[in-house]
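K.L.:
Please read through the structure below; I'll follow up with questions.
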Amino acid sequence: MQADEDHQGSSPRKLVKTDLSELDQLKQHSLVVADTGDFSLIEKYQPEDSTTNPTLILQVAKRPDFKDILETSITFGLAHFRLYCALPQRSKKKVEPKPVEWATLSTEERLELI
């Protein structure tokens with residue numbers, strides 16, 4: 001490896017050879033965030049966080065290989081919506097979620113829920 005000289009002509013910096021990938025080296029010095037909705041890439045690169053950009057999520061949601069994940073997520077969201085979102089914050093009343101199977105809903109019923 002060659003040494004780099006900095007701009008003032010002072011002492012040269014030595015490049016260190018490492019077996020770490022560029023991503024692993026970057027992870028040592030900064031927080032790695034995935035800018036994707038693709039779960040397979042998130043699993044592969046193991047970022048510490050990810051964005052929630054709706055455009056990225058929509059692109060992935062259109063892929064056939066994510067159909068099961070999307071349907072499971074929608075079914076869970078519909079079943080728990082009233083429990084987590086619709087109740088006033090001060091209410092202590094416990095509400096049991098009513099399961100809704102997204103796959104069995106008509107297009108009109110789906111649009112009403114969105």
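The values are calculated or read from the model by the stated rules, or taken from the named source; none is laboratory data. If you're wondering where the values come from, they're calculated on a predicted model, not measured in any experiment. So basically every Cβ, Gly included, is an ideal-geometry build from the backbone, and we count neighbours across all protein chains shown.
K.L.:
How many of the residues in region 34-45 are outside any helix (DSSP H, G or I) and surrounded by 11 or more Cβ atoms within 10 Å (Cβ to Cβ)? Walk me through how you get there before you give the answer.
P.N.:
Of all residues in region 34-45, those outside any helix (DSSP H, G or I) come to 34-38.
Okay, now just the ones that are also surrounded by 11 or more Cβ atoms within 10 Å (Cβ to Cβ), so 34, 36-38.
Here the count works out to 4.
K.L.:
Report yes if some residue within region 48-58 is among the β-branched types (Val, Ile, Thr), closer than 28 Å to residue 110 by Cβ and modelled with pLDDT of 85 or more; otherwise report no. Spell out how you get there, then give the answer.
P.N.:
We begin by selecting, within region 48-58, every residue among the β-branched types (Val, Ile, Thr); these are 51-52, 55, 57.
Of the ones still in play, those that are also closer than 28 Å to residue 110 by Cβ are 51-52, 55, 57.
Still in the list and also modelled with pLDDT of 85 or more: 55.
Looking through region 48-58, at least one residue is among the β-branched types (Val, Ile, Thr), closer than 28 Å to residue 110 by Cβ and modelled with pLDDT of 85 or more.
K.L.:
Let me ask something else. Considering (1) at pLDDT 85 or above; (2) in contact with a Lys or Arg (Cβ under 8 Å, 6 or more places away or on another chain), say which one residue 28 fails and leave the rest.
P.N.:
(2)
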